[in-house]
1. Open to solvent by 30 Å² or more (accessible area, probe 1.4 Å) and at pLDDT 95 or above: does that describe Glu179?
2. With (1) without any contact (Cβ under 8 Å) to a residue 60 or more places away in the chain; (2) open to solvent by 20 Å² or more (accessible area, probe 1.4 Å) as the list, and His164 as the residue in question, which single condition is left unmet?
3. Are any residues in the stretch 27-56 within 16 Å of ligand 1 (Cβ to nearest atom) and over 14 Å from the mean Cα position of the chain (by Cα), and if so, which ones?
4. Would you point out which residue out of Val213, Val235 is of a type in the set (Val, Ile, Thr) and either without any contact (Cβ under 8 Å) to a residue 60 or more places away in the chain or in contact with an Asp or Glu (Cβ under 6 Å, 6 or more places away or on another chain) (or both)?
5. Given the criteria more than 16 Å from Val48 (Cβ to Cβ) and at pLDDT below 95, does Gly192 qualify?
6. Of all the residues that make up the stretch 46-60, how many are touching a strand residue (DSSP E or B) at 6+ places or on another chain (Cβ under 7 Å) and more than 16 Å from ligand 2 (Cβ to nearest atom)?
7. From the list Ala245, Ala263, Ala284, Ala224, which one is part of a loop (DSSP other than H, G, I, E, B) and not polar (S, T, N, Q)?
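The values are calculated or read from the model by the stated rules, or taken from the named source; none is laboratory data. Quick caveat: nothing in here was measured; it's all calculated off a predicted structure. Don't worry about glycine lacking a Cβ; one is built from the backbone with ideal geometry, like all the others, and counts go over all protein chains shown. The protein model used for the area step is the full one, side chains on, heavy atoms only, and it has no ligands, DNA or RNA in it. Shrake-Rupley method; radii C 1.70, N 1.55, O 1.52, S 1.80 Å.
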Amino acid sequence: MSAKDAPPPLPEPLLVEVADSHTHMDLQSGTVEEALVKAAAVGVTTVVQVGCDVKGSQWAAETAAAHENVHAAVALHPNEAPRIVLGDPDGWSRQGAREGGGDAALDDALTEIDRLAALPYVRGVGETGLDFFRTGPEGIAAQERSFRAHIEIAKRHGKALVIHDREAHADVLRVLDEEGAPERTVFHCYSGDAAMAEICAAKGYYMSFAGNVTFKNAQPLRDALAIAPLELVLVETDAPFLTPAPFRGRPNAPYLIPVTVRAMAEVRGIGENELAAAIAVNTARAFDY
Ligand SMILES: [Zn+2]
Ligand SMILES: [Zn+2]
């Protein structure tokens, strides 16, 4: 393993315990137990494990059932729904999807997400939303239909809605308005600017900041963080992706949350303990655990 691929060192522990509001432990190296022990050692004592397809959502639910401090969110990712409908053999998971794809295949997969969303340790429905970066025009209709279905599932079960919004801000906000957003809605890996943060604040949407808030070119993100109401701010890794600076490009994991929390505290001009305390309360409120 070259230094470039090596896991970053353990950061100084946070004195106030926080949650990683969005992670993918199934895509990280090592066991769940190892990830949780390492995270807890630096004050990250709770994680929300997010599923992106039927199989990953089943795994998230099982993992949350087995670990007290793991909560699950279940969904078909915005890039997964079109693959199911279009019958893409390279889809992340063909499990739960009908041979040949089509709307019926998406309905089958949504039925399983609906079943999982009813489980007590599943605290969120997501990540769902719109992604115009990875999905082309041929998949947009399926993506939006899936997003609307997830909103309905979240509301019916009283679970938090976890939004994935990539280059689709206006349309995500429009669909939420049209469907009526659930009481607790979280923009995961918040990627809007300060103007959008004002809209989210007015609607009471949570904004979860990931490691990219530390990137040099991310000033609009820091401007958004600077004006977001403190009671709506969350932190996440989205690991294994989006490793915070100065470890960008190396594998991310929940134990790196303190690096991002410290960068965020600096942006807001408050102490890391004050920010961590707010984040801890906010995450528990958002996911109702
Ligand atoms: Zn995402
Ligand atoms: Zn994610």
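1. Values: open to solvent by 30 Å² or more (accessible area, probe 1.4 Å): yes; at pLDDT 95 or above: yes.
Judged against the criteria, Glu179 is a match.
2. (1)
3. Let us first name the residues in the stretch 27-56 that are within 16 Å of ligand 1 (Cβ to nearest atom), namely 27-28, 47-53, 56.
Listed by number, the list holds a single entry, Gln28.
4. Values: Val235 fails: either without any contact (Cβ under 8 Å) to a residue 60 or more places away in the chain or in contact with an Asp or Glu (Cβ under 6 Å, 6 or more places away or on another chain) (or both).
The match here is Val213.
5. no
6. Number of matching residues: 1.
7. Numbers: Ala263 fails: part of a loop (DSSP other than H, G, I, E, B); Ala284 fails: part of a loop (DSSP other than H, G, I, E, B); Ala224 fails: part of a loop (DSSP other than H, G, I, E, B).
After applying the criteria, what remains is Ala245.
For (1) farther than 21 Å from Leu275 by Cα; (2) in contact (Cβ under 8 Å) with a residue 40 or more places away in the chain; (3) among the charged types (D, E, K, R); (4) crowded, with 19+ Cβ neighbours inside 10 Å, each residue gets a yes or a no:
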residue	(1), (2), (3), (4)
Ala195	yes, no, no, no
Cys200	no, no, no, yes
Ala224	no, no, no, yes
Ala245	no, no, no, no
Ile257	no, yes, no, yes
